[in-house]
Amino acid sequence: MSEVAADAAYVRSLERGLAVLRALDAPPPGRTIADVSRATDLPRAAVRRALLTLQQLGYVRADNAHYRLTPRVLELGYAYLSSLEIGDLAQPHIEALSDELGEASALTVLDGAETVCVASAKPKRILTTSARVGTRFPAAATASGRVLLAALSPLDLDAVLGTGPLPRYTRRTITSQERLRAEIVRVRRQGYSLVDEELEDGLRATAAPIHDAAGTVIAAANVAANASRTTLDAVRNKILPQLLLTARRIEDDLRRSRPDA
């Protein structure tokens, strides 16, 4: 037994729960209790208790005796992303983008059905919807959210969106599941999202994905502009190219910060 495990304060059940959580790394349909037991070298009874607990807490879902992680596990890494790495790393790029375009910009990560801002910058002109670090927005109605949703597996996307009508924020908001899912497919194909006054009247936004060294989408960078002074053509032809360039620069810095990744 290691010195750590021998410590009276050591919580064996927590160790087992984390081991089970780490073992759920398989693609659909996921892992069975027997699979996790073999991967962790834990008794099936202990694995079953851990999985049921994680399921009740919302970190795991079960489909036909196969267990998979849910998007809620992103909560576990949010503090690290926002305070130790991606937020700090991206902040100078987000500020430079905002200065260059004269528009608000931000970096967000996905937390369940919401996006969470981990870096932001704004010009002197203040938008009604001004993202600050920690600000949350509904993923389904935002450009950043759709970029992040587009990176999810079909099962994870189902878990986030559910099956019913989506909330309406303006007369332009997509509330149909079918229409939103078609838009998410388009976002995945084209590599960016553009949302026109769906979250707030007068607000246009475009977003691009941020990939880690393995090609996984871990965040989204976005620019928000006032519709009264920024046309859709200006968003596509002026803002989007600079946003995509900024996303690549953030990815380059991320790779340099993780040379062994």
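Quick look at the values:
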{"quantity": "Length gained when the stretch His66-Asp233 is fully extended (0.36 nm per residue, less Cα-Cα span)", "calculated": "55.4 nm"}
{"quantity": "Most mobile listed residue (Glu178, Glu114, Glu15) in the chain, GNM with C-alpha springs under 10 Å", "calculated": "Glu15"}
{"quantity": "Whole-number percent relative contact order across the chain, with pairs defined as alpha carbons under 8 Å at least 6 apart", "calculated": "14 percent"}
{"quantity": "The stretch 3-69 shape via C-alpha gyration tensor axes, a/c threshold 1.5", "calculated": "prolate"}
{"quantity": "Residue-span extension gain [Gln55 to Leu18] - 0.36 nm each, minus C-alpha spacing", "calculated": "12.0 nm"}
{"quantity": "Two-site label geometry, Asp99 and Asp41: point separation in nm, points 7 Å out along Cα→Cβ", "calculated": "5.4 nm"}
{"quantity": "Debye intensity ratio in log₁₀ form over the Cα atoms of the chain, taken at each q of 0.07 Å⁻¹", "calculated": "-0.29"}
{"quantity": "Contact order relative to length of the stretch 167-261, as percent, for alpha carbon pairs under 8 angstrom and 6 or more apart", "calculated": "22 percent"}
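Laboratory data are not the source of any read-out in this text; all were calculated from the coordinates shown. Everything numeric in this text was worked out from a predicted model, so none of it was measured. For neighbour counting, all protein chains shown are included, and Cβ atoms are generated from backbone atoms with ideal geometry for every residue, glycine included.
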